[in-house]
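S.K.: Structure in structure tokens, see below.
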Amino acid sequence: MNAKYFLILLLSSLVVLHGCNELDPDDPYELTLADFLQNNKPALQTFTVQAGVASEIHGAKGCTINFNANSFSTLAGVPIGSGNVEIQLREVTTKKDMVLSQTPTISDNELIVSKGVYYLKALQNGFELRIKNFSIVKTVAADTNNLKAFLGTTNGDSFNWISSDTIGYVYDSTSTDSTFYQMQIFSTYLSQNYNWINCDYFYNSSAPRVAVFFPTTDSINVYYFQSYLVFNNLNAVLHYNGYSTNQIEFYNIPEGLDATLVTYYIVDGTPFVATADITVSDALSTPITFTETTEQGLLSILEGL
């Protein structure tokens, strides 16, 4: 091979390699709503425990989860008595976390207040397992409300927390400045394979339940936007109940609560956001205007909720 031919071949190779590592300017990466949620929801923590023996894991945000020797089975109910089990955990502790993990605090259309939301999943060799006879333990701020265990269910885009004394219960041990609670899930947890677990109490109020509306000049597309009503003095958030082309709607909200609306959408890689501070009143209609922001700008707004 002569030197001239070798040089031409080398230069051609460099051009090809450079082209492979460069984004196509006609098809650049664009942020999507799905990307934004996936990138910023509470971190997935992973642990390895042994089936057949008692074990304990510690979440980064302060929870301790205890498993019994007989905590794991296949989805068909066959006990798993040995081998490594991968545990996946997300701890949802703030209102920002709830918005980004899409876990509003609603139980059969009633507002609930969270003391801690957890995503928990067990797998062996890539196959999901069912979990029973385990507890989640965490110290939380003192509260005289009746804490209950709730399990998260999804139906399409709707999320709902269900509560039942046959599913689980919460122990309370109150000191001067904090409440130590332990959430114990009964064996009937096996009847369905829930991954979302919550320690909450129902917001008990005699106030009328009302609707509030947020009209906008922007055209709303359900596939590209998210909208939440975030309560200022409660660890609680609600997802919108309905929308039209130019209006976002929330229903069955206790009157008199102070709240902040945060709603956003992402189009062609660019986030747009609108916020509004309100005191809930019957048929309140508060116009909103969306403004362009960045991914970090949107995160900063959520951080301040």
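The rows are residues; the columns are (1) over 18 Å from the mean Cα position of the chain (by Cα); (2) modelled with pLDDT under 95; (3) more than 30 Å from Asp35 (Cα to Cα).
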position: Gly59; (1), (2), (3): no, no, no
position: Ile65; (1), (2), (3): yes, yes, no
position: Glu86; (1), (2), (3): yes, no, no
position: Lys96; (1), (2), (3): no, no, no
position: Arg130; (1), (2), (3): yes, yes, no
position: Val137; (1), (2), (3): yes, yes, yes
position: Ala141; (1), (2), (3): yes, yes, yes
position: Asn146; (1), (2), (3): yes, yes, yes
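S.K.: What's the number of the condition Trp196 fails, among (1) in contact with a Gly (Cβ under 9 Å, 6 or more places away or on another chain); (2) among the aromatic types (Phe, Trp, Tyr); (3) surrounded by fewer than 18 Cβ atoms within 10 Å (Cβ to Cβ)?
M.R.: For Trp196, the failing item is (3).
S.K.: Six or more apart or on different chains, Cβ atoms under 8 Å: show the pairs whose first residue is in the range 34-57 and farther than 25 Å from Val137 by Cα and whose second is assigned to a loop (DSSP other than H, G, I, E, B) and of a type in the set (Asp, Glu).
M.R.: Pairs that qualify, where the first residue is farther than 25 Å from Val137 by Cα and the partner is assigned to a loop (DSSP other than H, G, I, E, B) and of a type in the set (Asp, Glu): there are none.
S.K.: Which one of the conditions (1) modelled with pLDDT of 85 or more; (2) more than 17 Å from Val92 (Cα to Cα); (3) buried (at least 17 other Cβ atoms within 10 Å of the Cβ) does Trp161 fail to meet, given that it meets all the rest?
M.R.: It is condition (2) that Trp161 fails.
S.K.: Are any of the residues in the range 177-185 modelled with pLDDT of 75 or more, assigned by TED's automatic domain parsing to the domain that holds Asp268 and over 30 Å from Gln38 (Cβ atoms)?
M.R.: First, the residues of the range 177-185 that are modelled with pLDDT of 75 or more: 179-183.
Cutting the leftovers down to assigned by TED's automatic domain parsing to the domain that holds Asp268 gives us none.
Among the residues of the range 177-185, not one is modelled with pLDDT of 75 or more, assigned by TED's automatic domain parsing to the domain that holds Asp268 and over 30 Å from Gln38 (Cβ atoms), which makes the answer no.
S.K.: Identify all residues within the range 105-114 that are surrounded by fewer than 22 Cβ atoms within 10 Å (Cβ to Cβ) and either out of contact with any Phe, Trp or Tyr (no Cβ under 7 Å at 6 or more places or on another chain) or not aliphatic (A, V, I, L, M) (or both); write none if there are none.
M.R.: Correct list: Ser107, Asp108, Asn109, Glu110.
S.K.: All but one of (1) closer than 28 Å to Gly156 by Cα; (2) without any contact (Cβ under 8 Å) to a residue 24 or more places away in the chain hold for Thr291, so report the exception by its number.
M.R.: (1)
S.K.: Next question, about the same structure. Looking at (1) of a type in the set (A, V, I, L, M); (2) surrounded by 19 or more Cβ atoms within 10 Å (Cβ to Cβ); (3) touching a Ser or Thr at 6+ places or on another chain (Cβ under 9 Å); (4) part of a helix (DSSP H, G or I), can you tell me which one Ala122 breaks?
M.R.: (4)
The values are calculated or read from the model by the stated rules, or taken from the named source; none is laboratory data. Bear in mind the structure is a predicted one, so any value in this text is a computation, not a measurement. All Cβ positions, even for glycine, are placed from backbone atoms using ideal geometry, and neighbour counts span all protein chains on display.
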